Structure formats: structure tokens, C-alpha cells
Amino acid sequence: MHESWITPGIAEITPAMIELRRAIHAQPELGHEEFLTRERVAQCLQEWGYQIHPAMAGTALVATLRNGQGPRLGLRAELDALPIQEQGERPWRSRIPGKMHACGHDGHIAMLLAAAWELARKPAWRGTLQLFFQPAEEGHGGSGARHMLEEQVFERFPCDAIFALHNSPGMPLGKFGVLAGPCMASTDNIVILIHGAGGHGAMPDKTQDPVVVGASLVMALQSLVSRNAPPSETAIVTVGAFLAGDAANVIPQRAELRLSVRALQPEVRQMLRQRIKSLAELHASSFGARAEVIFGEGYPVLVNDPGASALAAQVIRDWLGEEGLVPDMRPICASDDFAFWLERVPGCYLLIGNGDGAGGCEVHHPGYDFNDQALPLGASFWVRLAQRFLT
């Protein structure tokens with residue numbers, strides 16, 4: 001990483017940014033529990049002259065900085081951690097059993113705060129800067145983005161465009177991934193309850209065995225993608241859990257399948273939902289059993305606005321050259337509830353390289369840690385993007 005890549009003001013506060021990131025990492029909070037994290041963020045922003053608004057969605061923080069008349073830009077970072085027990089002996093490892101920042105939200109907070117400091121210190125821009133620190137992106141207790149929409153976030157804090165940034169392990173430091181159009185998959189968590197008639201394991205003829213129905217249904221579900229989704233479209237149906245019974249000689253009354261379903265086109269998502277419901281019900285019926293299909297709260301396909309994506313990419317080109325962009329960027333099948341906001345406001349969700357990172361593993365892994373070398377790069381990008389947009 002070249003020192004010339006870093007905005008001078010950001011270089012000045014990089015040690016403090018690293019210290020802050022590690023302090024947040026050591027005190028992780030799950031979705032809608034981020035009171036300490038919110039207070040830490042609010043204290044910084046108040047000192048720098050931002051207007052802090054009353055909490056939304058329980059623990060969300062919205063901060064505004066105005067400098068004359070001009071466009072309205074929104075930047076978002078996430079506050080929440082994951083219910084994972086951290087592995088490793090880093091001095092800043094989680095002090096809260098069973099909770100850790102395994103997705104890098106601690107780094108996202110630190111990058112946006114550093115940029116907020118620089119943009120307040122040197123307001124070489126005109127307009128309104130809206131900073132959104134969102135709870136519960138991981139869905140613990142329900143989507144934080146959706147809850148904020150229910151509380152009229154963009155009616156109260158309007159934006160002409162909104163952006164979010166996420167680290168990407170394995171993507172080299174100094175690289176950014178920008179993709180217009182569908183960028184991240186929708187996700188639906190679906191539960192299928194199979195209601196049969198249990199009994200003695202020695203008399204299966206007197207039962208409708210939900211285990212057999214479930215096992216057959218698992219295999220039947222695999223045909224949904226290969227025989228219903230167009231070969232050129234991404235579609236995933238994963239049975240992540242099969243729960244039934246607890247004794248070898250007892251046929252249970254009920255079995256439960258838990259599915260994760262993903263797609264990169266809204267119409268493919270809807271087709272999968274409809275076909276799963278009809279297949280489960282008809283399949284169970286053919287065995288003399290009954291299937292109940294329960295749809296959980298899911299995230300829509302994340303679709304980046306072409307204009308906002310082009311702006312983000314141009315900022316990176318002007319700063320790092322063409323080599324700063326990942327060539328032939330492809331959609332990814334992970335999901336993010338920022339997708340709800342992009343249905344309401346044009347914007348772009350982009351990726352920043354996290355290198356091999358400390359821990360050398362993907363997000364949502366107990367050995368993961370945010371790469372502190374990426375912090376000044378992300379903060380510098382936010383500064384450059386805001387200065388370009390707010391002119």
C-alpha cells in the first residue's frame with residue numbers, strides 16, 4: 001500500500017482509527033443491543049459538530065452535517081456483531097462470550113468515523129452529509145434497515161444518493177469492487193414443517209413417517225434449480241437443517257426442514273418461493289402427510305444504481321487508477337439489508353479489499369479479524385466520494 005494513496009488528514013488519525021476499531025471489536029453487541037457502540041459513535045460525532053438525532057429502531061444513530069445549500073449524500077455503516085465465539089489470542093479479541101465482530105462492522109464504523117472527522121475538519125464541499133449507523137444488519141431481532149424504513153428514515157433524513165462499503169477477505173488491499181445492477185442475492189429463510197402420524201418403530205405401516213417424507217423432499221428440492229431456474233440465472237436452495245425425533249425406535253409426529261434460498265433476480269426469487277410451497281405441500285400429500293411452509297423475513301436482491309455505481313468507480317479510477325478496480329466484477333450470493341434502502345434511494349454498495357487479513361479466513365468465521373491496513377483506504381475513499389458528490 002502506497003502512502004500517497006491515503007488522504008493526509010486520514011493518515012494523521014490512522015493510529016486513533018485502529019485503536020477505536022479494536023476497542024469496538026473487544027466489546028461486540030448483537031443487533032438491537034448496540035447501546036454502548038452507539039454511544040461511542042455519538043460522542044465522537046458530537047465533538048466534531050454533527051447534529052445527533054434521537055435514536056431510531058432502538059439503537060440506530062443518524063448524524064447530520066450541513067454546509068450551505070447543495071446535494072444530500074448518505075453514507076452507511078453497521079453497528080452489530082454476530083453470535084459467534086471468537087477464536088484466537090489477539091489482545092483486542094472479544095471480551096463478551098459468544099459474541100464477536102466476525103463480519104468487519106467494527107472496521108466499517110471506524111472508517112466512516114475517520115471520514116466524518118476529516119469532512120468536518122475540512123468542509124471543502126457544499127450540501128448535506130447524512131451518516132447512518134444502522135443496527136441489526138445481520139438480522140438478529142429483525143432487519144435494522146427495514147425497521148428504520150418503518151420509522152420513515154428517508155422522509156426525515158432525505159438523501160439524493162446513498163452508499164455503503166463492505167470489506168472482502170481475499171480481495172487485495174488497494175482494490176475495490178463496484179458493480180452496477182444486481183450485486184448481491186436475495187435471501188429467504190423458509191421452514192417446512194411436515195406433519196405425519198408417529199408410532200412405534202416396529203410398526204411403520206401404522207404411521208405416516210415424516211422422516212421418510214422429509215428425506216424424499218430434500219432430494220426433490222434439488223430439482224427446483226436445475227429444472228425451474230434458467231441456466232443463466234443464479235439460484236440456490238440449501239437445506240441447512242433437518243430436525244426430527246430423538247429415539248431410534250420411535251417414529252416422530254413431525255419433521256422440520258430449514259432452508260436458505262437465494263437468487264439474483266426478483267422474478268427468480270418469487271418463482272423459487274412459489275415452487276417450494278407447492279412442491280412441499282404436494283409431496284407431503286402424496287405420502288399421506290401434510291406440509292406447512294413458513295416464510296421468514298428475507299432480504300431482497302441488492303441492486304446498485306448505474307449512475308451511483310459509475311460515480312464510485314470514477315472516484316476510484318481518479319484516485320488509484322484502473323488497477324484500483326476489480327476487473328470483471330461479478331455478483332456475490334451473500335446478502336445485505338442495505339438492499340431495502342436501495343429500493344427507495346439510488347445508491348451503490350461496494351467492496352473494499354481486506355487482503356488475506358488477520359485470521360486469513362472469510363467473514364462469519366470465528367477466526368476472522370478486520371485488516372487494519374484497510375482502514376485508511378476505506379476512510380480516504382469516503383472522503384473523496386463525499387467531496388466529489390457534494391460539489
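The values are calculated or read from the model by the stated rules, or taken from the named source; none is laboratory data. Computed from a prediction, not measured in an experiment: that's the story for all the values here. Here Cβ is always computed from backbone atoms with ideal geometry, including for glycine, and neighbour counts include all displayed protein chains. Accessible surface areas use protein heavy atoms only, side chains included; no ligands, DNA or RNA. Shrake-Rupley method; radii C 1.70, N 1.55, O 1.52, S 1.80 Å.
Here are a few things to note about the model shown:
- For D356, the accessible surface of its heavy atoms amounts to roughly 120 Å² (probe 1.4 Å, protein chains only, rounded to the nearest 10).
- What the phi angles of the range 235-244 give under the Karplus curve with 6.51, -1.76 and 1.60, with θ = phi - 60°, is a coupling list of 8, 9, 10, 10, 8, x, 8, 10, 10, 6 Hz, glycine and proline written as x.
- Mean-square fluctuations from a GNM of the chain, with a 10 angstrom spring cutoff on Cα atoms, peak among V212, V237, V345 at V212.
- E322-D246 FRET efficiency (beta carbon distance; Förster radius 51 Å; 0.05 resolution): 0.30
- Helix 105-121 and the long axis of the chain differ in direction by around 20°, with both axes built from C-alpha atoms.
- Unit charges on C-beta of K, R, D, E only; dipole of the chain, Debye: 480 debye
- For the range 1-155, the solvent-accessible area with a 1.4 angstrom probe is 40 square angstrom per residue.
- The range 51-197 gives an Rg/Rh value of 1.03, both radii derived from C-alpha positions and Rh following Kirkwood.
- The range 267-378: C-alpha gyration tensor shape, a/c 1.5 cut-off, then a/b vs b/c: prolate
- In the chain, one over the average inverse separation of all distinct C-alpha pairs is 22.5 Å, which is the Kirkwood hydrodynamic radius.
- Of all DSSP bridge pairs formed entirely within the chain, close to 70 percent run antiparallel.
- Cα long-axis angle, helix 266-286 against the chain (0 to 90 degrees, to the nearest 10): 20 degrees
- Rounded to the nearest 500, the 222 nm mean residue ellipticity of the chain from helices alone is -11000 deg cm²/dmol, with -39,500 (n - 2.57) taken per DSSP H run of at least 4 residues.
- For the range 160-210: accessible area per residue (Å², 1.4 Å): 33 Å²
- Between the range 332-371 and the range 252-314, the alpha-carbon center distance in angstrom: 21 Å
- Protein accessible area in the chain, 1.4 Å probe - carbon and sulfur %: 52 percent
- Percent of Cα pairs exceeding the 18 Å cut-off, where the set is the range 1-124: 56 percent
- Taking Cβ atoms as reference points and 12 Å as the exclusive limit, the residues near L342 contribute a net charge of -2, counting Lys and Arg as +1 and Asp and Glu as -1.
- Both radii are taken from the alpha-carbon atoms of the range 149-265; with Rh as the Kirkwood radius, Rg/Rh is 1.19.
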